[in-house]
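Below is one structure, written out as structure tokens; the observations come after it.
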2 protein chains.
Amino acid sequence: MITIALDAMGGDFGPGMTVKGATLAVKENDQIKVILVGRKEIIEKELNLIFPKGHPRIEILHTDEEILMDESPILSVRRKKKASINIGLKLVKEKTVDAFVSAGNTGAVMAAAVLILGKIPNIERPAIATVLTLDKSQIVVLDIGSNVDCKPSYLMEFAIMGDYFAQYVLGIEKPRVGLLNIGEESEKGNSLTRATYDLLKDSKLNFVGNVESKDILFNKADIIICDGFIVICY
Amino acid sequence: MITIALDAMGGDFGPGMTVKGATLAVKENDQIKVILVGRKEIIEKELNLIFPKGHPRIEILHTDEEILMDESPILSVRRKKKASINIGLKLVKEKTVDAFVSAGNTGAVMAAAVLILGKIPNIERPAIATVLTLDKSQIVVLDIGSNVDCKPSYLMEFAIMGDYFAQYVLGIEKPRVGLLNIGEESEKGNSLTRATYDLLKDSKLNFVGNVESKDILFNKADIIICDGFIVICY
């Protein structure tokens, strides 16, 4: 059984959508248990619409604080100790749950994750990764919005984390690492991509060079590395 | 009559496409005269397919050098003095033509423009602008690929040039200047956008703040300012 804490309060469409998501998850996979974190009375009301008698694999953990979408990430995480994001990540920290999922304030989730769970040794910055699914393959893209003004060393670390993820989560052997850029040649791009190119070239990773955005969909790499600013801009 | 020099050799699809474009232009607008710059025998062959007897408003200016798409911009512009890009821009410089158009090596066109035509006083870098046409309005976007690693002062200058273009070419009064960013709030973005925000805010331009890419199409600004790297990445 995999137990997942879900930030019931997070997201642009509020508890209605997150609770519905939880009910779909337990229906689809009988090895998933969900702990909905948030305001009990609201969650119960939404849950009753779908499971009037509740569900054996859905629990509610009440908290009456939440971080709004437009709040300052670090300040809100520090001030609202009982916010659903903080509570959910503490459940991960104490191993009560296997994972925490939130569609809420991205910056607050990242800040709380760093404060509560900490960082992997020798990794300077956390990254947000997403998996694009093509016809027959999966492509990991990171960072997609956790960091701006990246240094080349950050991008190198994203590549290392992406490499582990692609190997151990997606099961890809020797995953191909590509650097998102405006041209294929090594001298293309800005100072960040040129310096990162040199780091990746000299690494033990299976670096396949620069990848243009239009080529991502042509399966030129299993992992795409980029600064968070350029991706969220589009 | 407007006389336009056209780089007949430039572009991914070669003289066939550029010559065809020239024939369409003179058919559509009887106030346009085109000077096709490039290898005469190839241009004539293509032109004969459409106008077997030639056309009174299409001339050919022969040159047997051209810059290829993958050549180093600055080196090729300096070495190939008779390249169609250099010849076409010299026609602008000596006022033989009103404008020069090339679909060729973008970096070479920019480099040759700076070397031959020079820069506007107090403007540090040239920018490439494009005009997006929406239902009822036109939006100038710059820089779309001439500069990477921009400084805030470059973006400020792009805004000033965009402002003149929108006023005097597109006829927009008090054009609204927007800064392409990942969120609307002034503190959003990276160090470049935050510093540029402050410069634009304190300027005499009609600065309307940050604009997210999805909002460009909702007509939130008449001019969109950005670093060339982030646009050509997508």
Which condition does B:Leu199 not pass, out of (1) assigned to a helix (DSSP H, G or I); (2) within 14 Å of chain A (Cβ to nearest Cβ); (3) surrounded by fewer than 18 Cβ atoms within 10 Å (Cβ to Cβ), if it passes all the others?
(2)
Looking for something farther than 27 Å from A:Glu124 by Cα, in contact with a Leu (Cβ under 6 Å, 6 or more places away or on another chain), of a type outside the set (Val, Ile, Thr) and outside any helix (DSSP H, G or I) - is there at least one such residue anywhere in the stretch A:36-46?
yes
Hey, could you check the stretch A:152-184 for residues that are in contact (Cβ under 8 Å) with a residue 40 or more places away in the chain and in a loop (DSSP other than H, G, I, E, B) and say which is surrounded by the fewest Cβ atoms within 10 Å (Cβ to Cβ)?
A:Leu170
Just to verify a result, which residue in the stretch A:209-224, among those that are within 14 Å of chain B (Cβ to nearest Cβ) and either basic (Lys, Arg) or in a loop (DSSP other than H, G, I, E, B) (or both), is nearest to A:Ile139 (Cα to Cα)?
A:Leu217
Among the residues that make up the stretch A:151-170, is at least one of them within 14 Å of chain B (Cβ to nearest Cβ), of a type in the set (Val, Ile, Thr) and either under 18 Å from B:Val148 (Cα atoms) or within 17 Å of the chain's Cα centre (by Cα) (or both)?
no
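Report whether or not A:Ile123 is under 28 Å from A:Ala108 (Cβ atoms), outside any strand (DSSP E or B) and away from chain B (no Cβ under 11 Å).
Yes; evaluated as a whole, the condition is true for this residue.
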Can you find even one residue in the stretch A:55-65 that is within 21 Å of the chain's Cα centre (by Cα), of a type in the set (Ser, Thr, Tyr) and surrounded by 17 or more Cβ atoms within 10 Å (Cβ to Cβ)?
no
Whether any residue in the stretch B:133-143 is surrounded by fewer than 13 Cβ atoms within 10 Å (Cβ to Cβ) and not in a loop (DSSP other than H, G, I, E, B) is what I want to check.
yes
For the stretch B:1-21, what are the residues that are part of a loop (DSSP other than H, G, I, E, B) and surrounded by 16 or more Cβ atoms within 10 Å (Cβ to Cβ)?
B:Ala8, B:Met9, B:Gly10, B:Gly11
With respect to B:Glu41, determine if the residue is over 23 Å from B:Gly228 (Cβ atoms), surrounded by 15 or more Cβ atoms within 10 Å (Cβ to Cβ) and modelled with pLDDT of 95 or more.
no
If you take the residues in the stretch B:108-131 that are of a type in the set (Val, Ile, Thr) and within 20 Å of B:Lys80 (Cβ to Cβ), which one is surrounded by the most Cβ atoms within 10 Å (Cβ to Cβ)?
B:Val109
Is there a residue being farther than 30 Å from B:Pro73 by Cβ, buried (at least 18 other Cβ atoms within 10 Å of the Cβ) and touching a Ser or Thr at 6+ places or on another chain (Cβ under 8 Å) anywhere in the stretch A:205-223?
yes
Answer with yes or no whether A:Asn147 is away from every other protein chain (no Cβ under 14 Å) and outside any strand (DSSP E or B).
no
So, of the residues in the stretch A:91-107 that are at pLDDT 95 or above and in contact with a helix residue (DSSP H, G or I) (Cβ under 6 Å, 6 or more places away or on another chain), which turns out to be surrounded by the fewest Cβ atoms within 10 Å (Cβ to Cβ)?
A:Lys93
Given the condition in the same structural domain as A:Val109 (by TED's automatic domain parsing) and without any contact (Cβ under 8 Å) to a residue 24 or more places away in the chain, answer yes or no: does some residue in the stretch A:31-38 qualify?
no
Can you name the number of the only condition in (1) modelled with pLDDT of 95 or more; (2) within 12 Å of another protein chain (Cβ to nearest Cβ) that A:Leu205 fails?
(2)
Take the residues in the stretch A:86-114 that are in a loop (DSSP other than H, G, I, E, B) and polar (S, T, N, Q); name whichever of them is farthest from A:Phe13 (Cα to Cα).
A:Thr96
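The values are calculated or read from the model by the stated rules, or taken from the named source; none is laboratory data. Computed from a prediction, not measured in an experiment: that's the story for all the values here. Cβ: placed from backbone, ideal geometry, glycine included. Neighbour counts: every protein chain shown.
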